[in-house]
Amino acid sequence: MSAEETAIATPGGGDGAWEPVIGLEIHVQLSTATKMFCGCELSFGETPNTRTCPVCLGLPGSLPVINARAIHYGLMIGLALECELAPVSIFHRKNYFYPDLPKGYQISQYDEPLCRGGRLGDVRIHRVHLEEDAAKLVHVGSSGRIHGSDSSVVDFNRGGTPLVEIVTEPDLRSAQDCRSWLGLLRTTLRQLGVSDVDMSQGSLRCDANISLRPRGSEQLGTKTELKNMNSFRFLEQGVRAEIARQRERLAGGATVVQETLHFDPSSGSLSALRSKEEAHDYRYFPEPDLVPVRVSEEMLAAARAAVPELPAARAARYETELGLSADSAQRLAFRSELGDYFELCLRADQDPDASADTSRAQTLAHWVGGDLAGRLGEQDPADSKVTPEALARLATLVSTREVAVGAARKVLDQLVSEGGDPEVIVEREGLQALPGGADELAALVAAAIEANPKVVEQLRAGHDRAIGALIGHVMRETNGRADGADVTRLVRQQLDL
Amino acid sequence: MIDSDQVLHVARLARLELSEMEVQRMASELSQVLDHVARIGELDLEGVPPTTHVTEVDSPLRPDEPRPSLSSEAALASAPAVVAEGFAVPSPQA
Amino acid sequence: MTEVLSLSAREAGQRVAAGDLGAEELFEAYRVRAAADELNAFTWVADGPPPRVQDGTALEQTPLAGVPLAVKDLFCTEGVPSQAGSRILEGYRPPYTATVVGRLGRSGAPLLAKTNQDEFAMGSSNENSAFGAVLNPWDRQRVPGGSSGGSAAAVAAGLTPWALGTDTGGSIRQPAALCGIVGLKPTYGAVSRYGMIAFASSLDQAGPLTRDVTDAALLLRHMVGRRDSRDATSLEFPESIQDPTAERLDGVRIGVPRELSGEGIEAGVLDAFHATLTQAEELGARVEDCRLPHAPHALSAYYLLAPAECSSNLARFDGVRYGHRAAGAEDLLGMYTRTRHDGFGPEVKRRIMLGTYALSSGYYDAYYGRAQRVRTKIAQDFQEAFAELDFIATPTSPSVAFPLGAKTNDPLSMYLNDFCTVPMSLAGIPAISIPNGLSDGLPTGFQLAGPAFSENRLLDAAHALERSIGFDGSPARA
Ligand SMILES: [Mg+2]
Ligand SMILES: [Zn+2]
């Protein structure tokens, strides 16, 4: 499409005329024992300035030494995100003054980062690099100690915590995309065991670069940077608000100004971060206190060995090998505890014909990802009273038509609250399936038709979905023991439909 | 050559206050030095890699093992201003 | 007691080890002498007996036998002022000790004094100290050189048996030359930089300033060794440092780069240099012309690289955690800019400005990046030269000690003092300056440089030359 055509295509269009283009910049605190460049232990709310040393206080004469585990974790992340790992990478100094930055520069990586390229899900990764976290600056208001003016206080406990910065390509297209992709990243990092990835604690932080362009255009518009949204919800809200703001400006013929914005979740408003600084000139140059990091074969092998199967790979495996739908596969794989439990169920499955049968895996996936997960909420099924054996057995009872689905859900309720053996529960509660040919069932269907003349009218008028009310009626009467398909068949038979 | 405006810009980056006189003087002294060092511009350095370190070693890595930290008294001992066990500074938001 | 003070460090240590002299007695003699310092060589002098060695060994039983040590102000020493010659660190007492000072302390060299220096090691005359200029013991109207001027003057005047200095572009060798003593800049990385207040990280290196070559070897032996786990740029020294014993230079090939031994060097300094070259030949050495084609550009590269690194290294002096903070600033920016305005001297400001400029957006490639490439060429020049040669010889400093105030208003002419010493710094190779006779009654220095880790051979050759030169290194020591 030529520029001219683009121009013609854009003006005044509805919401659909503009396409959001979003890239994320994520900072992750690594869960090493010690800081990035010194032996101080990481801090979790200790008394201020009790986890410091000459290095992380930036005392004169002190020097940084790289934490081996931080490199190891960085490599694991690089592998998990399918990055290209640099055989040699170097650290740079990023120079700027701020009270939370003790040396007047941050040791970070610049043009030779640890990892480049890569992909997670359908988002490409631009780069992954290591750096050190800043200290914590707390505003304390007026204090007589420094001339009565407003003051802040610096606590260097957090300063120097190892950070991994992950920068994506601008492959995201909506606020919802951002939220769910960040969820995938969090699960991936959690499974790697390299970080607590807790947004509320700041161990996972996310900035978004957002621009809009006419749909169909390949060019990027002017972007704004949305800073430090500290929950998944705020990320989604903030991105949505910024997309709306830009769309409104562009639709009104105004332009977007490149700036850094702060989302205030309480008011839902966006404000430009006030900057008394001139445009930053970080004067990056190679950190002369460190020499290049060469990634040896042993380091690579150790990182490879430490990377477990990750959500994206697991979901792909469930789709190709077990024939699960993408949705169902992701529901299990992206919550690793569900995936683990699901695999235990597969293994526990006694159904002799089931092993070769992908529909059997689909059935179990529904039981785990749907019925069980729905009942357990955030709880790990491994910690519940439902054993994989019990769940697999229950699924078998359903597939052999010994128990109808509705009754099986009642059994599952009992399993969740008390545990036990599904067959014993079926026996005890009299939940065996009602045979489809039984007179008892036909009589119950007839009674249901009798009791619901309006529904019958609707059915006769061609509203097929109205049959649900009749099925529901029978189910209530049978305590879920009837098979829905049997009931449907009998209804149609008796009404001559 | 470097003029007063550039001197002021650089001084701002370096967080140095300079008086009017110092700015003038700095401009002339830096210009003189830059004139001299700019002679490296004459060299043909096509394809020559930069040297950050003369020593060609790979970085040693530190085992992720804790070492004792300073006490908060020791950390704060030289601080010009202390409030609430922290280093007090004029607020950046002020 | 004055007789004790005239002993070399090695001789004094031998007396102590033999039981002829008490370590505390030796320390006290120097402490009294140092306290009477008339050269402004010290910024701090011990006020009591030497501390015990950590593991409880008696000083007399240690390898260095308790011979006291003066240390340049910029080495961090726990609880003892470590101010790097700067107002911004006035009264600063660090909570830790530099690795090299700690090693020497454990080897039995107790801390006698901290020596005056150019502020943050930036200078060649010691006039840039916030604590006043140091006087040259040979002529108190003249500078001692810098930046390790306090160390050099103190050793030359016999106020300390020996001293530690640091050398970034010549800061050990040049003051050693101007004060008529021995100064050695080791291979970059040989001595830990941990606890050395940084000027330019990729160039800074600690080294000994001593009365003779033998003492330099003895002190260096206990400075190098295992690499320091706290300094990622430090290296294990591949061998132990031996006592230098050579008396001849048979078969030794010495190159004289014409780029560093002609233009810009005082006649008297050149005469003394050539006289020593003649002696080298008499000792059996082959002296030949050589080329270091990029050496004339070393000064330019150096005065971009070192200021660039210093502009970043000195950013931590911001009035937040230690050191000076300007009073009365209303906001953060004002606190920063005024603190740094008041705390830093003119030369430090100049270099911070120069370095900030060289790294700033739009200038990096033309200045800093280019200087890094020149550095590559300079290192290659030396490598090629050492393929044919054992050592390279130059005058250490283009001039003898100049009068106080002579160059303070002309930064560029001050920078030219480093003309002969900067190339070795950029190449990271070891170089030693030894006294080379007098010119107009003032000392000159002879610089000998070798490939990385050639310190043992370098000390041996310097030892043979020292014997042959027969310099009486005592200005007014009596
Ligand atoms: Mg970052
Ligand atoms: Zn620390």
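Read-outs: derived from the displayed coordinates by stated rules, not from any lab. What you see is a predicted model, and the numbers here were worked out from it, not measured in a lab. No Cβ is skipped: glycine too gets one built from the backbone with ideal geometry, and neighbour counts run over all protein chains shown.
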Would you compute, from DSSP H runs of 4+ residues alone, the mean residue ellipticity of chain C at 222 nm, taking -39500 (n - 2.57) per run and dividing by the full residue count, rounded to the nearest 500?
-10000 deg cm²/dmol
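In debye, nearest 20: dipole of the stretch A:203-248 around its Cα centre with unit charges on the Cβ of K, R (+) and D, E (-)?
Using Cβ point charges on Lys, Arg, Asp and Glu, the stretch A:203-248 gives about 80 debye.
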For the stretch A:401-454, fraction of C-alpha pairs farther apart than 18 Å, in %:
45
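Taking the mean number of other Cβ atoms within 10 Å as a proxy for protection, how do you rank A:427-435, A:128-136 from highest to lowest?
Details: A:427-435: 15.7, A:128-136: 22.7.
Answer by packing, highest mean first, reads A:128-136, A:427-435.
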Amide H of B:Val83: which non-local residues (sequence gap of 5 or more, or other chain) have their own amide H closer than 5 Å, using H built in the peptide plane?
B:Ala88
Contact order normalised by residue count of chain A, Cα under 8 Å, 6+ apart, percent:
14
Volume per residue of the C-alpha convex hull in chain B, rounded to whole Å³
260
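Against the empirical 2.2 N^0.38 Å scaling, what ratio does the C-alpha Rg of the stretch A:5-132 come to?
So the stretch A:5-132 has a normalised radius of gyration of 1.43.
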At q = 0.05, 0.06 Å⁻¹, what log₁₀ I(q)/I(0) does a Debye calculation on the Cα points of the protein assembly as shown give, no solvent, two decimals?
-0.44, -0.58
Place +1 on the Cβ of every Lys and Arg and -1 on the Cβ of every Asp and Glu in chain C, take the dipole about the Cα centre, and give the residue among C:Met414, C:Gln61, C:Ala232 whose Cα lies farthest towards its positive end.
C:Ala232
In the neighborhood of A:Arg401, defined by Cβ-to-Cβ distances under 10 Å, what is the net charge if each Lys or Arg adds +1 and each Asp or Glu adds -1?
-3
Lone cysteines in chain A, defined as no other cysteine's Cβ under 4.7 Å from theirs: which are they?
A:Cys38, A:Cys40, A:Cys53, A:Cys56, A:Cys178, A:Cys206, A:Cys345
Would you mind putting A:205-217, C:187-199 in packing order, based on average other-beta-carbon counts within 10 Å, highest first?
C:187-199, A:205-217
Give me the net charge for the shell around C:Ala326: Cβ to Cβ below 10 angstrom, other residues only, Lys and Arg +1, Asp and Glu -1.
+1
For the stretch C:175-321, Rg(Cα) over 2.2 N^0.38 Å is 1.27
Local electrostatic count, C:Ala232, Cβ distance below 11 Å [Lys/Arg +1, Asp/Glu -1]:
-1
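Dividing the convex hull volume of the alpha carbon atoms of the stretch C:362-478 by its residue count, what do you get in Å³ per residue?
Per residue, the Cα convex hull of the stretch C:362-478 comes to 134 Å³.
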With bins 10 Å wide starting at 0, give me the P(r) of the stretch A:283-391 over every alpha carbon pair, in whole percents.
13, 36, 22, 11, 10, 7, 1
Cβ-based exposure ranking for C:Phe27, A:Phe91, in which fewest neighbours within 10 Å come first
C:Phe27, A:Phe91
Peptide C:301-313 - average C-beta neighbours from other chains (10 Å radius)
4
Most exposed to least, judged by fewest other Cβ atoms within 10 Å, A:Lys454, A:Lys385 sort to A:Lys454, A:Lys385
Which residues qualify? For A:Lys35, with a placed amide H closer than 5 Å and at least 5 residues away or on another chain, they are A:Cys40, A:Leu42
Report relative contact order for chain C in percent, whole number only (criteria: Cα-Cα under 8 Å, sequence separation at least 6).
18
Within 10 Å of each Cβ in A:42-50, the average number of Cβ atoms from other chains:
4
Kirkwood-based Rg to Rh ratio, chain C, C-alpha trace
0.95
Using +1 at the Cβ of each Lys and Arg and -1 at the Cβ of each Asp and Glu in the protein assembly as shown, identify which of C:Pro435, C:Thr278, A:Leu184 lies farthest towards the dipole's positive end.
A:Leu184
Cβ-based charge dipole, the protein assembly as shown, positive-most Cα from A:Leu459, A:Pro308, C:Thr43
C:Thr43
Under a Cβ-only charge scheme (Lys and Arg +1, Asp and Glu -1), can you give me the dipole magnitude of the stretch B:1-69 about the Cα centre, in debye to the nearest 20?
300
For the stretch A:44-89, what does the alpha-carbon gyration tensor say about shape, rounded, prolate or oblate, given a ≥ b ≥ c as the root eigenvalues, a/c under 1.5 as rounded, and a/b over b/c as prolate?
oblate
Only Lys, Arg (+1) and Asp, Glu (-1) charged, at Cβ; the stretch C:251-329 dipole about Cα centre in debye:
580
Over 15 Å, how big is the tail of the calculated P(r) for the stretch C:1-48, in percent of all Cα pairs?
45
Could you pull out every one of the lysines with an alpha carbon less than 29 Å from that of A:Lys227, ignoring same-chain neighbours closer than 8 positions?
A:Lys35, A:Lys94, A:Lys103, A:Lys136, A:Lys276
With r as the distance between the Cβ atoms of A:Ala438 and A:Glu418 and R0 = 45 Å, compute the FRET efficiency 1/(1 + (r/R0)^6) and round to 0.05.
0.90
With a 10 Å radius around each residue's Cβ, average the other Cβ atoms per peptide and rank C:17-23, C:35-41, highest first.
C:35-41, C:17-23
The stretch C:276-364 - percent relative contact order, Cα under 8 Å, separation 6 or more
32
Value of [θ]222 nm, deg cm²/dmol, for chain A, DSSP H segments ≥ 4, -39500 (n - 2.57) each, nearest 500
-12000 deg cm²/dmol
Can you list the HN-Hα couplings for the stretch C:332-347, worked out from phi with the Karplus curve (6.51, -1.76, 1.60; θ = phi - 60°), rounded to whole Hz and with x for Gly and Pro?
4, 4, x, 4, 4, 5, 6, 4, 6, 5, 6, x, 9, x, x, 5
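At a 10 Å Cβ-Cβ cut-off, how would you order C:Arg258, C:Arg211, fewest neighbours first?
Fewest to most other Cβ atoms nearby, the residues stand as C:Arg258, C:Arg211.
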What's the average, rounded to a whole number, of partner chain beta-carbon atoms within 10 Å of each residue's beta-carbon in C:72-82?
1
Which percentage, to the nearest 5, of the DSSP beta bridges contained in chain C is antiparallel?
70
